[in-house]
Protein chains: 2
Amino acid sequence: MSDLATKACIEEHHLMKTFTFPNFREALKFVNQVGELAEEQGHHPDIFLAWGKVEITTWTHKINGLTESDFILAAKIDQLYKS
Amino acid sequence: MSDLATKACIEEHHLMKTFTFPNFREALKFVNQVGELAEEQGHHPDIFLAWGKVEITTWTHKINGLTESDFILAAKIDQLYKS
């Protein structure tokens, strides 16, 4: 289970995780990778980008809570960061 | 004076503006344009990206308030959106 998913068990409404980077450009690159993934999955998280930091939040608007799509997206975003 | 700048006169601490788009991909494209501009200016705003929406917030961390750099960045981001 990803860290994002672990946190979700406590928060229930949404999954949130912060990823850090050595500079703005690397963080922006990650936003693009997450964006591509979101388009592929047809499920879009909220993405907050600041210098050296990307914060991802996902939940399913239709039910205003978590569905399998959120856990799948979260796990894949974790994989992206690690790769 | 840009809309962002106008709002800043009231908020004082930071400039914030929301830009809307017809889909996620267009919003992500704008994030990249703003990112390139930020790198050019050497001044990086906080960027919040959601489906069809980009929210930009800028202030100068060093003084925890607004400087000329914020107003210039805000005006250039407005231009980007209009172009």
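The values are calculated or read from the model by the stated rules, or taken from the named source; none is laboratory data. Nothing here was measured: the structure is a model prediction, and the numbers come from that model. Positions of Cβ are backbone-derived with ideal geometry, glycine not excepted, and every protein chain shown enters the neighbour counts. We work out accessible area using only protein heavy atoms, side chains counted, and drop any ligands, DNA or RNA first. Shrake-Rupley method; radii C 1.70, N 1.55, O 1.52, S 1.80 Å.
Loop-located trypsin sites (Lys or Arg not before Pro) in region B:33-83 (DSSP state not H, G, I, E or B) with no more than 16 neighbouring Cβ atoms inside 10 Å: B:62.
Using 0.36 nm per residue and subtracting the Cα-Cα separation, the extra length available between residue A:67 and residue A:12 on full extension is 18.8 nm.
Taking 0.36 nm per residue of sequence separation and removing the Cα-Cα distance, the residue B:82/residue B:25 pair yields an extension gain of 18.8 nm. Here the label points at residue A:51 and residue A:39, each 7 Å from Cα along the C-beta direction, are separated by 3.0 nm in the simple model. The value obtained for chain A, namely the Cα convex hull volume divided by the number of residues, is 80 Å³ per residue. In terms of accessible area, using a 1.4 Å probe and ignoring ligands and nucleic acids, B:13, B:43 rank largest first as B:13, B:43. Solvent-accessible area of the protein assembly as shown (1.4 angstrom probe, protein heavy atoms only): carbon and sulfur portion equals 53 percent.
Measuring against 30 Å, Cα to Cα, the residue pairs A:17/B:62; A:76/B:62; A:62/B:76; A:76/B:53; A:29/B:82; A:82/B:62 contain A:76/B:62; A:62/B:76; A:82/B:62 as the ones spanning a longer distance.
For the protein assembly as shown, the solvent-accessible area of protein heavy atoms averages 53 Å² per residue (probe radius 1.4 Å; ligands and nucleic acids excluded).
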